[in-house]
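Asks: Following this message is one structure expressed as structure tokens.
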Amino acid sequence: MDYNEDKVDEMVLALLHLTSSRSNGIVRAWKGHDWDAMDRLHQKGLISDPKSKSKSVVLSDEGARKARELFERFCGS
């Protein structure tokens with residue numbers, strides 16, 4: 001199936017906000033999402049490399065900000 005990868009990336013980033021937590025200034029989120037989208041988000045500098053033994057990724061400052069904005073846009077009331 002063909003799909004718009006940018007839209008998928010935005011939705012995955014919004015979902016990362018849903019599962020994120022901040023501790024000591026670092027925002028982490030569970031990485032149980034589409035691997036191709038996670039790789040693209042890493043290439044864009046929004047998250048740490050998802051190819052690690054860790055069950056979570058670290059969101060960059062820009063990634064955390066954008067994730068929140070997208071979550072509010074897609075899921076806000």
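Asks: When both residues are 6+ apart or on different chains and their Cβ atoms are under 8 Å apart, which pairs have a first residue that lies in segment 1-18 and is in contact (Cβ under 8 Å) with a residue 60 or more places away in the chain, and a second that is surrounded by 15 or more Cβ atoms within 10 Å (Cβ to Cβ) and not aromatic (Phe, Trp, Tyr)?
Replies: So the pair list comes out as Glu10/Leu70; Met11/Leu70; Ala14/Ala67; Ala14/Leu70.
Asks: A further question on this structure: Inside segment 1-14, can you point out the residues that are aliphatic (A, V, I, L, M), open to solvent by 60 Å² or more (accessible area, probe 1.4 Å) and modelled with pLDDT of 95 or more?
Replies: Met11, the sole residue that qualifies.
Asks: Return the residue satisfying two criteria in turn: it lies in segment 24-35 and is open to solvent by 70 Å² or more (accessible area, probe 1.4 Å) and free of Cβ contacts under 8 Å to residues at least 24 places away in the same chain, and of such residues it is nearest to Ala14 (Cα to Cα).
Replies: Residue satisfying both the conditions and the ranking: Gly32.
Asks: Shifting gears a bit: Those residues that are in a strand (DSSP E or B) and hydrophobic (A, V, I, L, M, F, W, C), I need them from segment 1-45; list them, please.
Replies: Hits for segment 1-45 are Ile26, Val27, Ala29, Trp30.
Asks: Inside segment 41-71, can you point out the residues that are open to solvent by 40 Å² or more (accessible area, probe 1.4 Å), free of Cβ contacts under 8 Å to residues at least 40 places away in the same chain and closer than 13 Å to Met11 by Cα?
Replies: Glu69
The values are calculated or read from the model by the stated rules, or taken from the named source; none is laboratory data. Note that the structure is a prediction, hence the values are computed from the model and not measured. Reconstructed Cβ throughout: ideal geometry from the backbone, glycine too, with neighbour counts over all protein chains shown. Surface accessibility is based on the protein's heavy atoms, side chains included, excluding ligands, DNA and RNA. Shrake-Rupley method; radii C 1.70, N 1.55, O 1.52, S 1.80 Å.
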